[in-house]
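Worksheet: the structure to be examined is printed underneath.
The values are calculated or read from the model by the stated rules, or taken from the named source; none is laboratory data. Here the structure is a predicted model, which is why all the values come from computation and not from measurement. As a convention, Cβ positions derive from the backbone with ideal geometry for all residues, glycine included, and neighbour counts pool all protein chains shown. Just so you know, the surface numbers come from the protein's heavy atoms only, side chains and all, with ligands and any DNA or RNA stripped out. Shrake-Rupley method; radii C 1.70, N 1.55, O 1.52, S 1.80 Å.
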Amino acid sequence: MKIHNFSAGPSILNEKVIENAAEAVRSFADTGLSLIEVSHRGKQFTAVIEECRKLFLELIEAPAGYDVVFLGGGASLQFYMAPLNFLKTKAAYIDTGTWASNAIKEAKLVGDVEVLASSKADTYTWYPELGKDYTVPSDVDYFHVTSNNTIYGTQLHKDLDVNVPLIADMSSDIFSRPVDVSKYDLIYGGAQKNLAPAGVTFAVVKLDALGKVDRPLPTMLNYKTHVDKESMFNTPPVFPIYVALQTLKWYKEMGGVKGMQKMCEEKAAVLYNAIDSSKIFRGTVRECDRSLMNVCFVMKDEYKELEAEFQKFATERGMSGIKGHRSVGGFRASLYNALPLESVKALVDAMKAFEAKI
Ligand SMILES: *Cc1c(COP(=O)(O)O)cnc(C)c1O
């Protein structure tokens, strides 16, 4: 039976990408050795990381003056590293979910933090709207957003117009829509949602914005260290970087970010339509804020006791990873770039079949 992978992270990778990665683990380039046992300074791997860097910047359409670095520590280390490098006195954040609130907590260790808006009181079921729910003061060093809330299933669908630099955690929606990189001083994310296996973190940095804080920075937590050494200051996570390159090549083949966006919109529409037309399921977040990446839904109150039964029913039909996050309950289907439309259709079929039989 085909297993459909709706896992929120680590998550689905394209089949061909996995095959290429498996092949490189057996035999890498012309080394006669495995990818995971050769020097990262050998010419074969330096070619990989160089191509990965170039293709990343090309696909995200970064203007001149930006670079991308590949780091360890996950997005969670970026929650601290970003303020360390960019926060002089005060930064502004919005609290739009668990990851945003974790980012706020770390920034407070570094300087003053103004939380401009929060949807926490409504269990993060909506995304605060600029101009309506909050404005960004002009005296902050940057404004931090979490573009997609992986756990609660809300998403900021655009690049905001504010008069301070933006910093964004794009862990779970990078490469799913075109981004105006020029608005950001920093875009970061763990790669394990839309790019690679766990173990590598990307950071797209505006070079001009670096070196503006007075505090001494630990070498490893200074973006400049990694920019200057092209992510080779220390041993980079070679395997995830290799897989990231395979994913980026696949993106390019599929029409780049615009191609991905089209597929993501189509997949999300299929699932949200099924939820909205269902007698037993309902979505959990405000419609205009619905995430194209993480679709959260529950059973309507009168059918609530059937959730465990549907979970079992869907699992028997090959649906994997649709259990909602423990803080939300119900179901969450993650529709990352690599998930084929057929998987979404299989889930919708399972929902309809279940509804028909109850
Ligand atoms: C998964 C996720 C994180 C955490 O990433 P780690 O790499 O595990 O630290 C942070 N932010 C968002 C939006 C996420 O989806």
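Things to note:
- Residue in segment 164-172 that is β-branched (Val, Ile, Thr) and assigned to a loop (DSSP other than H, G, I, E, B) present: yes
- Residue under evaluation Tyr242, criteria (1) among the hydroxyl-bearing types (Ser, Thr, Tyr); (2) more than 15 Å from the ligand (Cβ to nearest atom); (3) under 21 Å from Ala333 (Cα atoms); (4) buried (at least 23 other Cβ atoms within 10 Å of the Cβ), criterion not met: (3)
- Qualifying residues in segment 13-27 (those that are touching a Ser or Thr at 6+ places or on another chain (Cβ under 8 Å) and either aliphatic (A, V, I, L, M) or touching a residue at least 24 places away in the same chain (Cβ under 8 Å) (or both)) - the one nearest to Gly190 (Cα to Cα): Leu13
- Residue tally, condition part of a helix (DSSP H, G or I), closer than 19 Å to Ile49 by Cα and either within 16 Å of the ligand (Cβ to nearest atom) or not polar (S, T, N, Q) (or both), over segment 208-233: 6
- Any chance Ala209 is modelled with pLDDT of 95 or more and surrounded by 21 or more Cβ atoms within 10 Å (Cβ to Cβ): no
- Some residue of segment 5-12 being in contact (Cβ under 8 Å) with a residue 12 or more places away in the chain, assigned to a helix (DSSP H, G or I) and open to solvent by 30 Å² or more (accessible area, probe 1.4 Å): no
- Here the condition is being of a type in the set (Lys, Arg) and closer than 19 Å to Ala47 by Cα; of Lys206, Lys252, it holds for Lys252 alone.
- Hits in segment 150-165 - residues which are more than 16 Å from the ligand (Cβ to nearest atom) and open to solvent by 30 Å² or more (accessible area, probe 1.4 Å): Lys158, Asp161, Val162, Asn163, Pro165
- Residues of segment 311-350 that turn out to be hydroxyl-bearing (Ser, Thr, Tyr), surrounded by 15 or more Cβ atoms within 10 Å (Cβ to Cβ) and part of a loop (DSSP other than H, G, I, E, B), as a count: 1
- Any hit, segment 198-205, residues being of a type in the set (Ser, Thr, Tyr), more than 12 Å from the ligand (Cβ to nearest atom) and modelled with pLDDT of 95 or more: no
- Here is the figure for segment 38-57: residues that are surrounded by fewer than 12 Cβ atoms within 10 Å (Cβ to Cβ) and either in contact (Cβ under 8 Å) with a residue 24 or more places away in the chain or in contact with a helix residue (DSSP H, G or I) (Cβ under 9 Å, 6 or more places away or on another chain) (or both) total 1.
- Inter-residue pairs, beta-carbon under 6 Å, first of a type in the set (S, T, N, Q) and in segment 146-158, second more than 10 Å from the ligand (Cβ to nearest atom) and outside any strand (DSSP E or B), 6+ apart: Ser147/Leu156; Asn148/Ser291; Thr154/Tyr127; Thr154/Val285; Thr154/Asp289; Thr154/Ser291; Gln155/Ser291
- Any hit, segment 293-303, residues being in contact (Cβ under 8 Å) with a residue 40 or more places away in the chain, among the basic types (Lys, Arg) and surrounded by fewer than 20 Cβ atoms within 10 Å (Cβ to Cβ): no
- Criterion violated by Gln192 - all others in (1) within 15 Å of the ligand (Cβ to nearest atom); (2) within 15 Å of Gly72 (Cα to Cα); (3) open to solvent by less than 20 Å² (accessible area, probe 1.4 Å); (4) polar (S, T, N, Q) satisfied: (3)
- From Tyr93, Tyr80, residue being within 16 Å of the ligand (Cβ to nearest atom) and open to solvent by less than 30 Å² (accessible area, probe 1.4 Å): Tyr93
To keep it simple, each residue is scored yes or no on (1) more than 20 Å from the chain's Cα centre (by Cα); (2) within 11 Å of the ligand (Cβ to nearest atom).
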{"site": "Leu130", "(1), (2)": "yes, no"}
{"site": "Asn148", "(1), (2)": "no, yes"}
{"site": "Ile167", "(1), (2)": "no, no"}
{"site": "Val179", "(1), (2)": "no, no"}
{"site": "Asp185", "(1), (2)": "no, no"}
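- One residue from Ala308, Ala353, Ala269 being in contact with a Phe, Trp or Tyr (Cβ under 9 Å, 6 or more places away or on another chain) and not in a strand (DSSP E or B): Ala353
- Unmet requirement for Ala121, which otherwise passes all of (1) more than 12 Å from the ligand (Cβ to nearest atom); (2) in contact (Cβ under 8 Å) with a residue 12 or more places away in the chain: (2)
- Which numbered condition Tyr142 fails, given (1) open to solvent by 20 Å² or more (accessible area, probe 1.4 Å); (2) over 20 Å from the mean Cα position of the chain (by Cα); (3) closer than 27 Å to Leu57 by Cβ: (1)
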